[in-house]
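Reviewing the structure listed below.
The values are calculated or read from the model by the stated rules, or taken from the named source; none is laboratory data. Computed from a predicted structure; not experimentally measured. Here Cβ is always computed from backbone atoms with ideal geometry, including for glycine, and neighbour counts include all displayed protein chains. We work out accessible area using only protein heavy atoms, side chains counted, and drop any ligands, DNA or RNA first. Shrake-Rupley method; radii C 1.70, N 1.55, O 1.52, S 1.80 Å.
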Amino acid sequence: MISANNITLRVGKKALFEDVNIKFTEGNCYGLIGANGAGKSTIIRHLTGIFRQDSGTVRLGGEDVWENAALKAKLKVLVEKVEEYRATEDSMRATLLTAQKMADSIVHE
């Protein structure tokens, strides 16, 4: 399970998001939908420990994600531009590019 409890992110005095609570349970598939700039990618970066929130906690399987290298090593995240990840094996990159095209098609419709 992935959970975010009361996470807040501020830039200066402006809150980009405040007291966000999310719970993703095992065995389910979730998606984030919203306009450009709504914070979808930012939330993903917090859930995966790339960004650190100003307050609140983000946990994966009960463990804090921030500065947890062992936990982060287990994560796989589909990013916006797969083609930028040249270290990814060719077959994996092809699969991810296909998934990205499918997602773009769904969003376009």
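For the range 1-78, the direction-averaged projected area of the alpha-carbon convex hull comes to 5.4 nm².
Each of residue 24 and residue 99 was given a label point 7 Å from its Cα along the Cα-to-Cβ line. The distance between the two points is 1.1 nm.
Per residue, the accessible area of the range 1-40 comes to 76 Å² when a 1.4 Å probe rolls over the protein heavy atoms. Taking amide H as placed 1.01 Å from N in the peptide plane, residue 51 has its amide H under 5 Å from the amide H of 46, each at least 5 places away in sequence or on another chain.
What shape does the range 2-41 take by its C-alpha gyration tensor, where a ≥ b ≥ c are the square roots of the eigenvalues and a/c under 1.5 counts as rounded, a/b above b/c as prolate, and the rest as oblate? Oblate, since a/c reaches 1.5 and b/c is not below a/b.
Here are some pairs, 40/72; 14/40; 23/76; 13/76; 40/76; 23/101; which of them have Cα atoms lying more than 22 Å apart in this structure? 13/76; 23/101, as the Cα separations exceed 22 Å there.
With all protein chains in place and ligands, DNA and RNA left out, the 1.4 Å accessible area ranks 24, 51 as 51, 24, largest first. So what's the net charge close to residue 66: Lys and Arg +1, Asp and Glu -1, counting the other residues with Cβ under 11 Å from its Cβ? Net of charged neighbours comes to 0. A simple charge model with +1 on the Cβ of Lys and Arg, -1 on the Cβ of Asp and Glu and nothing else charged puts the dipole of the range 1-82 at about 260 debye relative to its Cα centre.
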